[in-house]
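Q: Structure incoming, see below.
The values are calculated or read from the model by the stated rules, or taken from the named source; none is laboratory data. In this text, all values refer to a predicted model and were calculated from it rather than measured experimentally. Positions of Cβ are backbone-derived with ideal geometry, glycine not excepted, and every protein chain shown enters the neighbour counts.
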Amino acid sequence: MIVLMAAKASAGQIADVVERVTKAGFSVRRSGMERVVLGVTGAGRAPTPDLLDGLSGIAEISVDGPEYRLVSRAFQAEDSQIDVGGGVVVGGERLVVMAGPCSVEDPETVNRVAASVAAAGAHILRGGAYKPRTSPYAFQGLGEEGLYLLRQAAAANGLLTISEVMEPSQIPLAAHYCDILQIGARNMQNFTLLRELGRSRRPVMLKRGPAATLEEWLAAAEYVAACGNPDILLCERGIRTFERATRNTLDLSAVPAVKARSHLPIVVDPSHGTGVRDHVLPMAKAAVAAGADAIIVEVHPEPERAVSDGAQSLRLEQFDRLMDELRPVAEAVGRTV
């Protein structure tokens with residue numbers, strides 16, 4: 001339920017609404033600059049307008065609309081700007097760049113990549129420590145050792161970190177080492193994981209599932225928001241279609257379509273979106289032109305020897321070129337890198 005307060009509602013009237021809904025067992029989140037908007041949610045049950053009978057200062061109560069209330073434009077008209085740490089804000093004027101190896105393999109590789117992408121202008125070091133792989137015989141990640149190596153490499157080069165968690169038990173450990181916790185495409189509708197990340201205090205990047213509609217993607221984000229964590233980044237990483245020329249079909253139309261529906265920042269992943277190294281650079285530029293707030297790409301010093309996703313990983317010199325070519329595109333749409 002979304003409660004729009006009157007333009008001249010007093011602090012006391014707003015407090016009365018908050019007290020009424022919280023005493024009834026619901027959670028409430030506040031937004032709005034000129035007019036206060038209150039989003040009322042509850043675990044397993046929906047609030048109804050009669051809950052607020054007799055209270056003053058309310059202009060409108062809405063119970064109709066999408067299932068994703070807290071992440072919708074109806075709840076917050078202004079774009080969210082999410083501070084992920086160290087002064088890096090996703091959704092602001094600066095285009096944020098996340099880069100690094102698909103998997104944290106060893107100290108030498110992750111340190112070499114971190115130093116190179118930092119020198120080129122990246123802000124966040126990515127790298128998987130827990131790897132959801134199609135085959136049980138493929139490299140599954142280094143676990144805590146991988147998280148430690150990622151953190152050390154990032155700290156040495158002034159970068160933040162992002163890595164994926166696959167189950168609730170991994171969250172405390174990953175949160176100790178990482179600034180952003182990633183939900184992979186395969187886990188987009190792992191509702192237990194979404195709820196636990198909603199209770200965490202770390203920003204969350206939610207990747208779109210390979211067959212998910214925009215409505216399903218935003219409803220998944222709502223699970224995180226409804227459990228108390230508003231710091232959510234949406235990541236478009238390509239969807240499964242009939243096309244075989246690329247690993248996935250990178251749906252850049254999702255960027256403006258989601259921005260029309262939600263206030264959350266959007267990250268685009270052209271590495272998974274195409275699966276082809278030479279396609280990453282042009283699609284990254286297209287993503288920025290389409291309005292992406294950040295991009296995330298895979299980088300490896302020797303992609304042929306990478307333990308995972310080498311075919312879509314940029315070489316170090318290709319990432320340098322990517323950063324050089326992104327800057328004029330970003331400037332053309334009113335952003336800096």
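Q: Kindly evaluate residue 186 against the criterion of being out of contact with any helix residue (DSSP H, G or I) (no Cβ under 9 Å at 6 or more places or on another chain), in contact (Cβ under 8 Å) with a residue 40 or more places away in the chain and not hydrophobic (A, V, I, L, M, F, W, C).
A: Criteria met by residue 186.
Q: So in region 32-56, with the set limited to residues that are at pLDDT 80 or above and among the small types (Gly, Ala, Ser), which one is surrounded by the most Cβ atoms within 10 Å (Cβ to Cβ)?
A: 39
Q: Among the listed residues 142, 160, identify the single one that is over 19 Å from the mean Cα position of the chain (by Cα) and assigned by TED's automatic domain parsing to the domain that holds residue 268.
A: 142
Q: For region 75-120, give me the residue count where each residue is over 28 Å from residue 316 (Cα atoms) and in contact with a strand residue (DSSP E or B) (Cβ under 6 Å, 6 or more places away or on another chain).
A: 4
Q: Take the conditions modelled with pLDDT of 95 or more, touching a Phe, Trp or Tyr at 6+ places or on another chain (Cβ under 9 Å) and farther than 20 Å from residue 79 by Cα and apply them to residue 329. Does it pass?
A: On the way: modelled with pLDDT of 95 or more: yes; touching a Phe, Trp or Tyr at 6+ places or on another chain (Cβ under 9 Å): no; farther than 20 Å from residue 79 by Cα: yes.
No.
Q: Okay, moving on. Take region 55-87 and flag every residue that is on the phi > 0 side of the Ramachandran plot and touching a residue at least 40 places away in the same chain (Cβ under 8 Å).
A: Hits for region 55-87 are 57, 65, 85, 86.
Q: When you scan region 249-337 for helices (runs of 4 or more DSSP H) that lie fully inside it, which ones turn up with 3 or more residues that are without any contact (Cβ under 8 Å) to a residue 24 or more places away in the chain, surrounded by fewer than 19 Cβ atoms within 10 Å (Cβ to Cβ) and in the same structural domain as residue 204 (by TED's automatic domain parsing)? I'd like the intermediate steps shown before the answer.
A: Working: elements: 254-261, 270-274, 277-290, 316-332.
The helices (runs of 4 or more DSSP H) meeting that bar are 316-332.
Q: Anything in region 249-276 that is in contact with a strand residue (DSSP E or B) (Cβ under 6 Å, 6 or more places away or on another chain) and more than 27 Å from residue 31 (Cβ to Cβ)? List them, or say none.
A: The answer is 249, 251, 269, 271.
Q: Among the listed residues 255, 337, 267, 288, which satisfies the condition of being out of contact with any Leu (no Cβ under 9 Å at 6 or more places or on another chain), more than 24 Å from residue 105 (Cα to Cα) and of a type outside the set (D, E, K, R)? Explain how you work it out, then say what you get.
A: Working: 337 fails: out of contact with any Leu (no Cβ under 9 Å at 6 or more places or on another chain); 267 fails: out of contact with any Leu (no Cβ under 9 Å at 6 or more places or on another chain); 288 fails: out of contact with any Leu (no Cβ under 9 Å at 6 or more places or on another chain).
Residue meeting the stated conditions: 255.
Q: Could you pull out every one of the strands (runs of 3 or more DSSP E) wholly within region 44-105 that has 3 or more residues that are hydroxyl-bearing (Ser, Thr, Tyr), touching a Ser or Thr at 6+ places or on another chain (Cβ under 7 Å) and within 18 Å of residue 294 (Cα to Cα)?
A: It comes to none.
Q: With the requirement that a residue be of a type in the set (Gly, Ala, Ser) and closer than 17 Å to residue 74 by Cβ, what does region 28-52 give you?
A: 31, 32, 39, 46
Q: Turning to a different aspect of this structure: Looking at (1) within 17 Å of residue 224 (Cβ to Cβ); (2) out of contact with any Cys (no Cβ under 9 Å at 6 or more places or on another chain), which one does residue 74 not meet, given that it meets all the others?
A: Exception for residue 74: condition (1).
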